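Enquirer: Before we start, here is the structure in question, set down as structure tokens.
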Amino acid sequence: MKFDVLTLFPEIFDAVLGESIIGRARKNNIIQINTINIRDFSLNKHRKVDDYPYGGGGGMVMMAQPIYDAYLSVLERLNYERLYYKPRVIYLSPQGRVLNQQIVKELSKEQHLILLCGHYEGVDERVIEEIVDDEISIGDYVLTGGELPAMVLIDSISRLIPGVLSNEESYSQESHYEGLLEYPQYTRPYEFCKRKVPDVLMSGHHENINRWRRQQSLKRTYLKRPDLFNKLSLDETDRKLLEEVLEETEK
Ligand code: ADE
């Protein structure tokens, strides 16, 4: 999986995506993250990349040309490598579809994504019309730029790429897998601030442990995220598990 990020702040990316699991996946060449500094494509002697908005009003608008040329540089590199496909271009913006695990899964099937990070008051609409295939928001709030959202997108997609997570880190039993939240986890010591690890986890009885974990996932989703819970279609076993644990909680 390749990511090319068009940004005014390329330095931010290595700081975050050079460490830990994503850093390791990059070193192992399972994913490639390349940043392109839009400013390098300014034709202006002061390397200017923004200008006043037509029609007036506050703020500055990112000019179309440096972004377009930065985008073309990615296509030219592909051409040079004799790779003849067109990568999907995603513009990070609060106007996009709101990201969720379903969209992450869909995007993880692509072989190459180009991410465009906006700044200031926005980006000249014409370059968006010309190059962007998809607009993604990471939530209904406004950030100062698309860099954090791009990193969120890269992180969430990368961990679904085979080989990025080790078996132990595997994503099969985690929050939002199957639309359920993750069950509570414990590690040593056995007792912390007078709180003990639940007996069932100390029992070594794997069937009971799995049942308890499933039950906790159902309960958490029901209580913490009713919006996610309402999208589930539970089978009879799950319904009984949930009923049982909710009754216990009421006692
Ligand atoms: N740029 C500014 N705010 C954003 C958001 N919430 N999601 C994606 N890109 C953004």
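Enquirer: Hey, can you grab everything whose amide H is under 5 Å from the amide H of Glu182? Only 5+ residues off in sequence or another chain; H modelled, so Pro and N-termini drop out.
Expert: Here Ser175, His176 satisfy the definition.
Enquirer: Another question about this same structure. Show the residues, 5+ positions off or on another chain, whose built amide H is closer than 5 Å to the amide H of Tyr91.
Expert: Result for Tyr91 returns Leu116, Asp133, Asp134, Glu135, Ile136.
Enquirer: Provide the net charge surrounding Gly55, with neighbours chosen by a C-beta distance below 15 Å and charges set as Lys +1, Arg +1, Asp -1, Glu -1.
Expert: -3
Enquirer: Can I ask one more? Which of the pairs Lys2/Lys109; Lys105/Lys224; Lys219/Lys240; Lys2/Lys86; Lys196/Lys240; Lys2/Lys105 have their Cα atoms more than 18 Å apart in this structure?
Expert: Going by Cα-Cα distance, Lys105/Lys224; Lys196/Lys240 fall outside the 18 Å limit.
Enquirer: While we're on this one: For Arg88, what charge total do you get from the other residues with a beta carbon under 13 Å from its beta carbon, if Lys and Arg give +1 and Asp and Glu give -1?
Expert: Local charge sum for Arg88: -3.
Enquirer: Right, another one. Can you pull the percent of the chain's accessible area that's carbon plus sulfur, 1.4 Å probe, other chains left in place?
Expert: Its accessible area is 49 percent carbon and sulfur atoms.
Enquirer: Could you work out how far helix 236-250 tilts from the main Cα principal axis of the chain, as a 0 to 90 degree angle to the nearest 10?
Expert: 70
Enquirer: May I ask you to evaluate 6.51 cos²θ - 1.76 cosθ + 1.60, the Karplus curve with θ = phi - 60°, for each residue of the range 81-97 and list the ³J(HN,Hα) values in order in whole Hz, giving x for glycine and proline?
Expert: So the J values, rounded to whole Hz, are 7, 6, 9, 10, 9, 10, x, 6, 9, 10, 9, 7, 7, x, 8, x, 5.
Enquirer: May I ask you to derive the relative contact order of the chain, considering only C-alpha pairs under 8 Å and at least 6 residues apart, and to give it as an integer percent?
Expert: 19
Enquirer: What number comes out for the charge environment of Glu207, summing +1 per Lys or Arg and -1 per Asp or Glu over other residues with Cβ under 13 Å away?
Expert: Counting the neighbours of Glu207, the net charge comes to +3.
Enquirer: Treating the angle as unsigned and between 0 and 90°, give the value, to the nearest 10°, between the Cα long axis of helix 147-158 and the longest Cα principal axis of the chain.
Expert: It works out to around 50 degrees.
Enquirer: Next question, about the same structure. Using the Karplus curve 6.51 cos²θ - 1.76 cosθ + 1.60 with θ = phi - 60°, work out ³J(HN,Hα) for each residue of the range 8-20 in order, rounded to whole Hz, and write x for Gly and Pro.
Expert: Whole-Hz 3J(HN,Hα) from phi for the range 8-20: 8, 10, x, 4, 4, 5, 5, 4, 8, 9, x, 10, 6.
Enquirer: Tell me, what ³J(HN,Hα) does each residue in the range 60-65 have, in order and in whole Hz, if you take phi through Karplus 6.51 cos²θ - 1.76 cosθ + 1.60 with θ = phi - 60° and put x for Gly and Pro?
Expert: With coefficients 6.51, -1.76 and 1.60, one gets 10, 10, 5, 6, 5, 4 Hz.
Enquirer: Could you give the angle, 0 to 90 degrees to the nearest 10, between helix 206-224's Cα long axis and the longest principal axis of the Cα atoms of the chain?
Expert: 60
Enquirer: Return an integer: the convex hull volume of the alpha-carbon atoms of the range 27-124, in Å³ per residue.
Expert: Spelled out: Cα convex hull of the range 27-124, divided by residues, is 145 Å³.
Enquirer: To continue, here is another question. Just to confirm my numbers, what's the Cα centroid distance between the range 20-97 and the range 201-219 in Å?
Expert: Rounded to whole Å, the Cα centres lie 47 Å apart.
Enquirer: Then there's this: How many percent of Cα pairs in the chain exceed 22 Å?
Expert: Result for the distance tail: 64 percent.
Enquirer: Another question about this same structure. Looking at the range 75-167, which chymotrypsin sites (Phe, Trp or Tyr not before Pro) are DSSP coil and have at most 11 other C-beta atoms within 10 Å of their C-beta?
Expert: In loop regions of the range 75-167 (DSSP not H, G, I, E or B), the sparsely surrounded chymotrypsin sites (Phe, Trp or Tyr not before Pro) are Tyr84, Tyr85, Tyr141.
Enquirer: Given the DSSP H assignment, sum -39500 (n - 2.57) over each helix run of at least 4 residues in the chain and divide by its residue total; what's the result at 222 nm in deg cm²/dmol, nearest 500?
Expert: Helices in the chain give a 222 nm mean residue ellipticity of -11500 deg cm²/dmol.
Enquirer: Within the range 1-74, list the chymotrypsin sites (Phe, Trp or Tyr not before Pro) lying in a DSSP loop whose Cβ has at most 12 other Cβ atoms in a 10 Å radius.
Expert: Tyr54
The values are calculated or read from the model by the stated rules, or taken from the named source; none is laboratory data. Just so it is clear, the structure is predicted and the values come from calculations on it, not from any experiment. With ideal geometry, Cβ positions are generated from the backbone for all residues, glycine too; neighbour counts draw on all protein chains shown. For accessibility, only protein heavy atoms count, side chains too; no ligands or nucleic acids. Shrake-Rupley method; radii C 1.70, N 1.55, O 1.52, S 1.80 Å.
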